[in-house]
Every structure is written in structure tokens, then in C-alpha cells.
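Q: My structure is below; once you've seen it, I'll send some questions.
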Amino acid sequence: MSTLNNESTPLLRPHPNEESQPVRLSDSSTDQAKSSFIQSVLNIAKMCIGTGSLGLPFGASQGGILFNVIGLFIITVWNIFMVNRLLKTLDYIQQHNIRSRICGDDKRNGSNEKFINNSLMSIPTGKEICNDNTVLKGNEIADNSSIDRMNMVNVDEPQSSDTFAKVAWYAFGSKGVHTIDAIMITLMIGIIVSYEDAALTFIEQTSLTTGSKGYDAVLIFSVIIPFACISEYKSIAKFSAFGLFLIIGVFVVVVNYGIHTNGLHGFNQITTDNLWPKSLSSFSNWFGAVVFSYGIVPFTFNLQESMEDPAQMPRATKMACTAVFIIYFIIGDFVAIIFLPSNHNFGGDVLSVLPNTWISIFIRLAMTSVMVTSIPLILIPTGDLLLRKVGIRSDHKYASRISLTLRVSMCCIGAIISAALPNFVYVMSFLGCLCVSLMSFVYPLVVHLVCFYKFCPEDVRKANSKHVFLDGVLLLFGTGATILTSYLTYRTLVNQL
């Protein structure tokens with residue numbers, strides 16, 4: 001995915017104890033290596049380009065050739081905007097904590113003015129109002145040693161959660177943290193299921209299949225278990241990084257086979273029927289596949305906090321997402337077009353169009369190995385999160401045993417569920433519509449609106465009131481799209497069983 005954890009699949013994110021420690025609202029900066037601007041752009045791009053890209057031709061086929069381009073552009077801009085909204089929300093919280101600290105110092109020192117540390121993000125100009133209505137000068141800058149901005153925190157904030165969850169805490173309290181954690185757990189378990197389903201799909205198309213998806217699921221489960229027992233995150237991640245190069249090889253082979261079989265005659269078969277979605281269900285399948293293939297918004301802070309210059313996060317996101325848009329357009333539309341003569345509609349992942357030759361079998365087996373080694377990268381943080389939710393600390397004498405039991409249990413449940421599911425692109429699409437869309441297009445706007453009114457001074461709220469209308473419109477669209485597409489993709493998933 002990135003040098004953050006050396007992984008290449010789309011929704012596997014840095015473990016809190018990995019190379020990029022989250023910059024928590026309560027933590028000071030770490031001494032660990034940070035990414036340069038170019039490295040950060042590549043990290044963001046690699047987070048997107050992963051296993052989910054195998055379903056992009058399916059998405060383009062469902063959404064339509066022309067609509068896929070327009071929709072990809074909209075989803076790209078939407079992701080960039082939501083990242084900026086989360087960054088602004090964190091800025092509101094930090095500014096509020098600074099004002100609260102300064103006002104507390106003023107009361108103790110008998111002073112009415114205090115210079116403000118502005119080393120990370122600029123505080124809005126104009127008068128800053130403390131909780132007790134003390135007026136501070138908001139356009140003055142202090143030296144970097146006057147205030148440690150990252151320590152401007154509420155003493156009651158959850159210390160075990162990352163920044164993404166802490167923002168929910170500032171907006172909604174402990175209920176917000178529990179809600180976000182529950183959605184993330186659901187998403188990560190869903191990814192485990194989809195990856196096991198992907199491995200089953202690939203195995204079914206090789207001579208290693210037992211002929212029964214249930215028995216194949218048992219085979220995959222038995223192979224995953226040894227990797228699930230490994231607690232060393234970096235060793236697994238380095239092997240799994242091979243997936244990015246393999247995915248590139250997959251599309252090279254697929255495009256070569258498509259051109260060898262059909263030439264470029266697919267461009268002559270483009271009609272109005274394959275330019276647009278044929279139904280709302282087709283639109284939903286497209287929406288889920290594309291949203292899943294981005295999925296960077298929930299991990300905005302992990303990425304920002306790995307950067308040498310965190311203030312460059314908006315610019316890095318814009319550049320990375322623009323590059324990803326171009327790549328996704330080529331992957332989705334071009335592959336869908338060249339296979340029009342022989343495969344008018346993709347019914348599954350891109351590997352499903354390949355014949356059973358030695359090279360395609362090798363690729364399927366290699367992708368299966370990537371799935372198997374990628375699953376523990378989700379199991380480890382999911383298990384840790386579940387342990388925290390039940391109140392078991394990492395230093396508990398039985399913590400490692402309980403964590404291992406949770407990982408094995410999740411693998412077992414995933415194997416049972418995946419054996420009953422259709423091709424993993426339908427699972428991926430459903431997860432994109434439900435969890436990723438909720439976390440990417442609904443949550444950032446909700447917390448931004450709440451924190452805007454909760455922590456911004458009155459003059460700042462008045463000066464930026466136009467943002468409320470824009471956020472409201474986007475929140476309406478995001479919520480509606482999440483609910484509608486989740487229902488339709490779920491119905492499609494059930495019909496495929």
C-alpha cells in the first residue's frame with residue numbers, strides 16, 4: 001500500500017504501532033522517519049491502487065464507458081474535498097485547545113494576551129474568543145517553544161484511539177468513538193471475508209481446486225492460519241508488498257490477451273447502450289467498486305502524520321488522486337472496451353476473462369498468495385482494536401492468547417461466509433457502498449459541521465457560513481448515495497448467491 005507499511009492493497013492501513021505512528025491530539029511528534037512530499041504522494045497513490053483495482057473493469061462495465069469517466073472524476077474530487085474537511089476539523093479542535101490553554105494561563109498569570117504557536121497550521125485572523133469571553137489577538141505568532149500545540153488536549157480524551165476516532169470523540173463524545181470503531185471493525189472483517197472470497201475465486205480457476213467451494217475454503221483457511229499466528233507486522237507486510245507489482249503484471253497480461261484476441265475492434269462496438277448505467281443496480285455496483293478502490297479518507301491522519309511537512313497533505317492528496325484517476329480511467333475503460341467483442345459485460349474480476357494457460361494459472365496462484373499474506377495485515381489491527389473495546393490492555397498476561405484466538409476466529413468466520421458468497425467484486429462493491437462511503441462521504445461532513453459550530457469563534461462562523469450550505473448539500477447526497485447503493489448492492493449480492 002505504501003512505505004507506511006509496505007503494503008499495496010487498497011484498504012489495509014498502517015497499524016498504530018507500525019512505522020508511522022499516528023500523531024495523536026495528545027502526542028508530541030515522534031522521532032521516527034518521516035516521508036518527503038514526493039514519497040507521501042506515492043504513498044497515497046499506492047494506498048489506492050491495490051486489489052480493488054481488479055474490479056474496476058467490472059465497475060466500468062456496470063457504470064458505462066462514458067459515465068465511468070465522469071463518475072471517476074467526481075469521486076476523485078469528492079475524496080480530495082473530504083480529506084480537506086477532516087484536516088479542517090482537526091484544525092478547529094487544535095485551535096480550540098490552544099485558546100482554552102491560553103485562557104487558563106491568562107487567568108493564572110493575570111495577563112490578557114498571549115502569543116500563539118502557529119508552526120503547523122495558521123489560526124484564523126481576527127479576535128479569538130476564549131471560553132470565558134476573554135479576547136485574544138489571533139494574528140500574533142510566538143516562537144516555537146512557547147506552546148506545544150500537539151499537547152493542547154482535553155484530559156478526558158480517549159488515549160488508546162487514533163486521531164480519526166478522537167475527532168469523533170470531540171464531536172460526539174464516547175458514543176462517537178464507539179460508533180467509528182464499530183464501523184471500522186465491520187469494514188475490516190468485511191475485507192477479510194472479501195479477500196478470502198477472492199482467494200477462493202482464484203483457486204477455483206486453477207487445477208488446485210477441490211471442486212467444492214466449501215472444501216476450497218477449508219484449504220484457504222488452513223493456509224492462512226500460520227500467517228495469522230505471526231505477530232510481527234513488518235515481515236508480513238514486506239512479502240505482501242509484492243502484490244503491487246503483481247497487479248501491474250495482471251493488467252499487462254489481461255490487456256495483451258484482450259488485444260491478441262479482439263484487436264481494437266471493441267472501440268467500434270461502443271454504442272449508447274454501453275455508455276451509461278442500465279439500471280440503478282448497475283449504478284450501485286459501479287459506485288461501490290470505485291469508492292472501495294479509493295478509500296483513503298478514513299486514513300487521512302495516518303498519512304498526514306507520516307509526512308515531514310504535514311501542512312502539505314492537501315496538495316499531496318490532490319496530486320496523488322489525480323494520478324490515480326488517470327490510472328483508474330485506463331484500467332477501467334480501456335480493458336472494458338477491448339473485451340467488448342468477446343465479453344460484453346464483466347461478471348467478475350478481471351482475471352475471470354483469462355483462459356486456463358500456464359501464465360494465467362501462475363498469476364491466479366500468485367494473487368492467492370497475496371490475499372493470504374494480506375489478510376493478517378488486517379487481522380492484527382482488528383484484533384488489537386477488539387481487545388481495546390473489551391478493556392484488555394496489551395500488557396495483560398493473556399492478551400496475546402486472546403488476540404490469537406480472535407484472529408483465528410475471524411479467519412474461520414470469514415472462510416464460512418466466503419464459501420457462500422459469489423465473486424468477490426460483488427462483496428467489494430457492497431463494502432464500498434456501505435462502510436467506505438459512510439466513512440468517506442458522510443462522517444467527515446458530520447464532524448466538520450459539529451466541530452465548526454462547537455469550537456469556532458462566532459466571527460469565524462459568520463465569515464465561513466457558506467461552508468455550512470455546501471456541507472449540507474454534500475451530506476444530503478452522500479447519505480442518500482450510501483443508503484440507496486448499500487440496499488441495491490446488498491440485493492444484488494443476495495441474488496448472486
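The values are calculated or read from the model by the stated rules, or taken from the named source; none is laboratory data. Note that the structure is predicted; figures quoted are calculated from it, not measured. Because the Cβ atoms are built from the backbone with ideal geometry, glycine has one as well, and the counts that use them run over all protein chains shown.
Q: When you scan the range 263-279, do you find a residue that is among the aromatic types (Phe, Trp, Tyr), touching a residue at least 12 places away in the same chain (Cβ under 8 Å) and surrounded by 15 or more Cβ atoms within 10 Å (Cβ to Cβ), even just one?
A: If we filter the range 263-279 for residues that are among the aromatic types (Phe, Trp, Tyr), which is where we start, we get 267, 276.
Going one step further and asking which of them are touching a residue at least 12 places away in the same chain (Cβ under 8 Å), we end up with 267, 276.
Add one more test, that the residue is surrounded by 15 or more Cβ atoms within 10 Å (Cβ to Cβ), and what stays is 276.
Yes; the residues of the range 263-279 include at least one that is among the aromatic types (Phe, Trp, Tyr), touching a residue at least 12 places away in the same chain (Cβ under 8 Å) and surrounded by 15 or more Cβ atoms within 10 Å (Cβ to Cβ).
Q: Output yes when any residue across the range 467-480 is in a helix (DSSP H, G or I), in contact with a Gly (Cβ under 7 Å, 6 or more places away or on another chain) and either surrounded by 16 or more Cβ atoms within 10 Å (Cβ to Cβ) or in contact (Cβ under 8 Å) with a residue 24 or more places away in the chain (or both), and no when none is.
A: No, the conditions are met nowhere in the range 467-480.
Q: Name the residue, out of 254, 153, that is among the β-branched types (Val, Ile, Thr), surrounded by 14 or more Cβ atoms within 10 Å (Cβ to Cβ), at pLDDT below 85 and more than 18 Å from the chain's Cα centre (by Cα).
A: Details: 254 fails: at pLDDT below 85.
Within the list 254, 153, the selection yields 153.
Q: Which of the residues spanning the range 183-222 are more than 22 Å from residue 376 (Cβ to Cβ), without any contact (Cβ under 8 Å) to a residue 24 or more places away in the chain and part of a helix (DSSP H, G or I)?
A: Listed by number, the residues that qualify are 204, 215.
Q: Any residue at all in the range 321-335 that's more than 27 Å from residue 41 (Cα to Cα), within 25 Å of the chain's Cα centre (by Cα) and buried (at least 20 other Cβ atoms within 10 Å of the Cβ)? Give the derivation first.
A: Step one: list which residues in the range 321-335 are more than 27 Å from residue 41 (Cα to Cα), which gives none.
No, the range 321-335 has no match at all.
Q: Further question: Suppose we filter 20, 28, 36 for residues that are more than 13 Å from residue 302 (Cβ to Cβ) and at pLDDT below 50; which single one remains? Walk me through how you get there before you give the answer.
A: Values: 20 fails: more than 13 Å from residue 302 (Cβ to Cβ); 36 fails: at pLDDT below 50.
28 is the lone residue from the list that is more than 13 Å from residue 302 (Cβ to Cβ) and at pLDDT below 50.
Q: Please verify whether the range 324-331 includes one or more residues that are in a helix (DSSP H, G or I), without any contact (Cβ under 8 Å) to a residue 12 or more places away in the chain and either closer than 28 Å to residue 202 by Cβ or of a type in the set (Gly, Ala, Ser) (or both).
A: Just the residues of the range 324-331 that are in a helix (DSSP H, G or I), to begin with: 324-331.
Next cut, without any contact (Cβ under 8 Å) to a residue 12 or more places away in the chain only: 326, 330.
From the residues that got through so far, the ones that are either closer than 28 Å to residue 202 by Cβ or of a type in the set (Gly, Ala, Ser) (or both) too are 326, 330.
Scanning the range 324-331, I find at least one residue that is in a helix (DSSP H, G or I), without any contact (Cβ under 8 Å) to a residue 12 or more places away in the chain and either closer than 28 Å to residue 202 by Cβ or of a type in the set (Gly, Ala, Ser) (or both), so the answer is yes.
Q: What are the residues in the range 182-202 that are surrounded by fewer than 23 Cβ atoms within 10 Å (Cβ to Cβ) and either closer than 21 Å to residue 360 by Cα or in contact with a Lys or Arg (Cβ under 6 Å, 6 or more places away or on another chain) (or both), if any?
A: Scanning the range 182-202 gives no hits.
Q: Out of (1) in a helix (DSSP H, G or I); (2) surrounded by fewer than 19 Cβ atoms within 10 Å (Cβ to Cβ); (3) out of contact with any Asp or Glu (no Cβ under 8 Å at 6 or more places or on another chain), the odd one out for residue 486 is which?
A: Of the numbered conditions (1) in a helix (DSSP H, G or I); (2) surrounded by fewer than 19 Cβ atoms within 10 Å (Cβ to Cβ); (3) out of contact with any Asp or Glu (no Cβ under 8 Å at 6 or more places or on another chain), the odd one out for residue 486 is (2).
Q: Here is a check on your reading of the model: is residue 235 at pLDDT below 85, of a type outside the set (A, V, I, L, M, F, W, C) and in contact with a strand residue (DSSP E or B) (Cβ under 9 Å, 6 or more places away or on another chain)? Step through it out loud before you land on a result.
A: Numbers: at pLDDT below 85: yes; of a type outside the set (A, V, I, L, M, F, W, C): yes; in contact with a strand residue (DSSP E or B) (Cβ under 9 Å, 6 or more places away or on another chain): no.
So residue 235 fails the test.
Q: Next question. Report every pair of residues separated by at least 6 positions or lying on different chains whose Cβ atoms are under 8 Å apart, first residue within the range 290-311 and at positive phi, second among the aliphatic types (A, V, I, L, M) and modelled with pLDDT of 90 or more.
A: Final answer for the pair search is 295/436.
Q: What residue, of 464, 423, is modelled with pLDDT under 90, within 24 Å of the chain's Cα centre (by Cα) and not basic (Lys, Arg)?
A: Values: 464 fails: within 24 Å of the chain's Cα centre (by Cα).
That would be 423, the only listed residue that is modelled with pLDDT under 90, within 24 Å of the chain's Cα centre (by Cα) and not basic (Lys, Arg).
Q: Turning to a different aspect of this structure: Pull up the range 359-379, narrow it to residues that are over 25 Å from the mean Cα position of the chain (by Cα) and among the β-branched types (Val, Ile, Thr), then point me to the one that is farthest from residue 404 (Cα to Cα).
A: 359
Q: Of the residues 343, 356, which is assigned to a loop (DSSP other than H, G, I, E, B), free of Cβ contacts under 8 Å to residues at least 12 places away in the same chain and not basic (Lys, Arg)?
A: Numbers: 356 fails: free of Cβ contacts under 8 Å to residues at least 12 places away in the same chain.
Being assigned to a loop (DSSP other than H, G, I, E, B), free of Cβ contacts under 8 Å to residues at least 12 places away in the same chain and not basic (Lys, Arg) holds for just one of 343, 356, which is 343.
Q: Same structure again: Out of curiosity, is residue 411 more than 18 Å from residue 51 (Cα to Cα), within 22 Å of the chain's Cα centre (by Cα) and in a helix (DSSP H, G or I)?
A: Values: more than 18 Å from residue 51 (Cα to Cα): yes; within 22 Å of the chain's Cα centre (by Cα): yes; in a helix (DSSP H, G or I): yes.
Yes.
Q: Just give me the residues in the range 300-340 being more than 19 Å from residue 70 (Cβ to Cβ) and among the hydrophobic types (A, V, I, L, M, F, W, C), in sequence order.
A: 301, 303, 307, 311, 313, 316, 319, 320, 338, 339, 340
Q: Starting from the range 386-408, keep only residues that are in contact (Cβ under 8 Å) with a residue 60 or more places away in the chain and closer than 22 Å to residue 179 by Cβ, then list their pairs with residues that are in a helix (DSSP H, G or I) and of a type outside the set (Lys, Arg) whose Cβ atoms are within a distance under 7 Å, requiring at least 6 positions of separation or different chains.
A: Going by the 7 Å Cβ cut-off, the qualifying pairs are 386/185; 386/406; 389/181.
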